[in-house]
Every structure is written in C-alpha cells, then in structure tokens.
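The values are calculated or read from the model by the stated rules, or taken from the named source; none is laboratory data. None of these values were measured; they are calculated from a predicted model. Glycine gets a Cβ as well: all are built from the backbone with ideal geometry, and neighbour counts include every protein chain shown.
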Amino acid sequence: MPRELEQAVVALVTTILGARLGVTPKWLIRPGRAEAGRRWPMIRAIYHDLTGLELPEVMRRVERRTVDAVLVCDGQPPRILEIDEKQHFNHYRASTLRHYMTMVPLAFAPTVWLERSMTKSRLEGGGFAAPRPPLFPGEGGRHRQRAFRDALCDILPPEHGFAPTLRIAHFEVEDWIGTREAQAKVARLLEQRIA
C-alpha cells in the first residue's frame, strides 16, 4: 500500500502542476561539507544529535539515495516532493525538525510533522529499524538514517536553487486518495502549501 499511495500522490501532483519528473540531484545523493555549504554546521549538529558521532566531510561513494519525485515546471525552480509514510514520524524526526523548522523555507506544516513525530510511542521494527553502518550503526539505524535524510532533503534544496521541499503525509491523503474527489482535494492541499 505505501508504494501505491506514493505513486498515486506523485501522479496527481504532477498532473495538477503540469510538471515533468526530474532526477534526484547529485548534491543530495551523498552530501558532504561541499554540498552543504553554509548549512554544514547545522547538518553536523543534526547528525551528532542522532548518532553521537562526527559526520565525515566527504561521503563514501557507496552512499546513495533517491527522492520520491523532483517536479520540474517551466519558469519555476525545481521542487522535491516527498510522500511521508508512517515510518517517517518518530522521535528521531522530531529531533531533526527542531534544528531547522523556523530557519529553512518549507512547503509543509513543520509543527504538524513535529507533533505527529512526538506523539508516536512505538517504532516500526524489522527492516525499518535495522542498523545502517557505518553512518548509522546500532539499534534504530534505519530510523536515524531516514530522519537525517529527510532533514537533508528539507535543508539543502533552497541552498541549490530549488523551491522548498513539498511534503505530503500519509495521514493527509490515505482515506480518500483512490476516490473521484482525490484530484480536487490534492489541488486544495497544494494551494495551501505552495501558493
């Protein structure tokens, strides 16, 4: 279901905005000090809070990631779209948001994300929590990695000429995404986020 939800939302947003899909920018695939620029101290602090470790200035070549979508509209800066499923909301994500939610332009309601993240009492297990060494070793490694990557995806785009990252949460759309009203409801949501 999560993948289907993501695909449905991406398709609707792309249609409504008349966007083309781009690719994950290189500066977000394995961002280090050079890619972070003036945000490097903030990103280092976030990583340290999550792991207790020091973030390397250059990422290993094996580090990689993709975003849910890069929206490209004529005459506008590109914009990253992320669909946040339930595993994106937890105390690790709350910790990262507190570092930048009032300092970085965002196309979602960070207070809602923070509240949802703080009220979650039980983390998903299995692959959702597996260690991701060397950057995220130990218990909850994948949760920490996801929270860190979400933060990078929010912080870095404006530094590279992108519009603020657009996030849509599962709880905002899952009850009606497959209905006839879905396009109109997503359009209203977009008006609130990127007007």
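For segment 78-91, indicate whether the set of residues that are loosely packed, with under 15 Cβ neighbours inside 10 Å, among the acidic types (Asp, Glu) and over 22 Å from residue 139 (Cβ atoms) is non-empty.
Checked against the condition, which is being loosely packed, with under 15 Cβ neighbours inside 10 Å, among the acidic types (Asp, Glu) and over 22 Å from residue 139 (Cβ atoms), segment 78-91 yields no hits at all.
Would you confirm whether any residue within segment 109-116 is surrounded by fewer than 18 Cβ atoms within 10 Å (Cβ to Cβ), under 19 Å from residue 30 (Cα atoms) and touching a helix residue (DSSP H, G or I) at 6+ places or on another chain (Cβ under 6 Å)?
Within segment 109-116 (the criterion being surrounded by fewer than 18 Cβ atoms within 10 Å (Cβ to Cβ), under 19 Å from residue 30 (Cα atoms) and touching a helix residue (DSSP H, G or I) at 6+ places or on another chain (Cβ under 6 Å)), the answer is no, since none of the residues qualifies.
Under 6 Å by Cβ, and 6 or more places apart or on different chains, what pairs join a residue from segment 26-45 that is closer than 14 Å to residue 99 by Cβ with one that is among the β-branched types (Val, Ile, Thr)?
Every condition considered, the pairs that remain are 36/43; 39/155.
Can you confirm whether residue 123 is in contact with a helix residue (DSSP H, G or I) (Cβ under 8 Å, 6 or more places away or on another chain), touching a residue at least 60 places away in the same chain (Cβ under 8 Å) and farther than 28 Å from residue 186 by Cα?
It is false that residue 123 is in contact with a helix residue (DSSP H, G or I) (Cβ under 8 Å, 6 or more places away or on another chain), touching a residue at least 60 places away in the same chain (Cβ under 8 Å) and farther than 28 Å from residue 186 by Cα.
When you scan segment 95-180 for helices (runs of 4 or more DSSP H) that lie fully inside it, which ones turn up with 2 or more residues that are touching a strand residue (DSSP E or B) at 6+ places or on another chain (Cβ under 9 Å) and closer than 22 Å to residue 38 by Cα?
By residue number, 141-155.
Please enumerate the residues belonging to segment 61-99 that are within 22 Å of residue 30 (Cβ to Cβ), touching a residue at least 40 places away in the same chain (Cβ under 8 Å) and basic (Lys, Arg).
The answer is 65, 79, 93.
Any idea which of 62, 23, 70, 10 is assigned to a helix (DSSP H, G or I) and either at pLDDT below 95 or touching a strand residue (DSSP E or B) at 6+ places or on another chain (Cβ under 8 Å) (or both)?
Step by step, each of 62, 23, 70, 10 is checked, and only 10 is assigned to a helix (DSSP H, G or I) and either at pLDDT below 95 or touching a strand residue (DSSP E or B) at 6+ places or on another chain (Cβ under 8 Å) (or both).
Among the residues of segment 117-133 satisfying the criterion of being closer than 25 Å to residue 62 by Cβ and at pLDDT 90 or above, which is surrounded by the most Cβ atoms within 10 Å (Cβ to Cβ)?
It comes out as 132.
Every residue, every condition in (1) at positive phi; (2) surrounded by 16 or more Cβ atoms within 10 Å (Cβ to Cβ); (3) not hydrophobic (A, V, I, L, M, F, W, C), yes or no:
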position: 9; (1), (2), (3): no, yes, no
position: 21; (1), (2), (3): no, no, no
position: 76; (1), (2), (3): no, no, yes
position: 93; (1), (2), (3): no, yes, yes
position: 98; (1), (2), (3): no, no, yes
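What's the total number of residues in segment 178-195 that are touching a residue at least 12 places away in the same chain (Cβ under 8 Å) and within 20 Å of the chain's Cα centre (by Cα)?
5
Is it fair to say residue 148 is more than 22 Å from residue 5 (Cα to Cα) and touching a His at 6+ places or on another chain (Cβ under 9 Å)?
No.
Among the residues of segment 27-46, is any buried (at least 20 other Cβ atoms within 10 Å of the Cβ), at pLDDT 95 or above and in contact with a His (Cβ under 6 Å, 6 or more places away or on another chain)?
yes
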